[in-house]
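Step one of this worksheet: look at the structure below.
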Amino acid sequence: MDTRTKKTVKISVLFLSLILFLLAVGCTEIEEKETADKKGLQIYSMSTALGSISNDNLDQQLLTYTIYITNEDETEDYIQWIEPILGEGIKDKVLTDNFKINVEETISPKGSLEVKGQITFDTLGLSKEEIINLEPFITGIRIGGEEVIVINTPAVGK
């Protein structure tokens, strides 16, 4: 190999190494940011099931849901109640008066909690396909709880 070819190979290897280094650093920073953003209470998973209230009443559907909430903080969190936030397609059809679920439990750091509930809604005149098109049924949850904020005061006698 002549000197010019060796120089070209060295530059190519150096350039390729630089690109690989930048890609590795960029991916690491994104991954760290994603984990740093996940603090506090999070919905780990949610499942829903839909069915008629009874064989005699096909104009009302029962939405049954299970939500798993995790605590990604280093401190425990007290949850007094949760309330599902309903999607646009279903919120005007709800027949259930109050769908807040009383939880009254503490979630330990890195712990989880399962919450189950049901919502009845009106489907009069809707086909199966139209009912399915009302999704998403639940778009989030509101959480009521208790948070203690400590006042930092100077120690007496100092």
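The table below lists the values:
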{"quantity": "F137 being surrounded by 14 or more Cβ atoms within 10 Å (Cβ to Cβ) and touching a Gly at 6+ places or on another chain (Cβ under 9 Å)", "calculated": "yes"}
{"quantity": "Candidates A24, A36, A49, filtered to the one that is modelled with pLDDT of 90 or more and exposed (fewer than 12 other Cβ atoms within 10 Å of the Cβ)", "calculated": "A49"}
{"quantity": "Conditions (1) surrounded by 17 or more Cβ atoms within 10 Å (Cβ to Cβ); (2) under 23 Å from S45 (Cα atoms); (3) charged (D, E, K, R): number failed by K93", "calculated": "(2)"}
{"quantity": "Matching residues in region 109-131 - criterion: being in contact with a helix residue (DSSP H, G or I) (Cβ under 9 Å, 6 or more places away or on another chain) and not β-branched (V, I, T)", "calculated": "F121"}
{"quantity": "All positions within region 56-99 that are farther than 11 Å from F137 by Cα and under 15 Å from the mean Cα position of the chain (by Cα)", "calculated": "T66, I67, Y68, I69, T70, N71, E72, D73, I82, E83"}
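The values are calculated or read from the model by the stated rules, or taken from the named source; none is laboratory data. It should be emphasised that the depicted structure is a prediction, and the values quoted were computed from it without experimental measurement. Don't worry about glycine lacking a Cβ; one is built from the backbone with ideal geometry, like all the others, and counts go over all protein chains shown.
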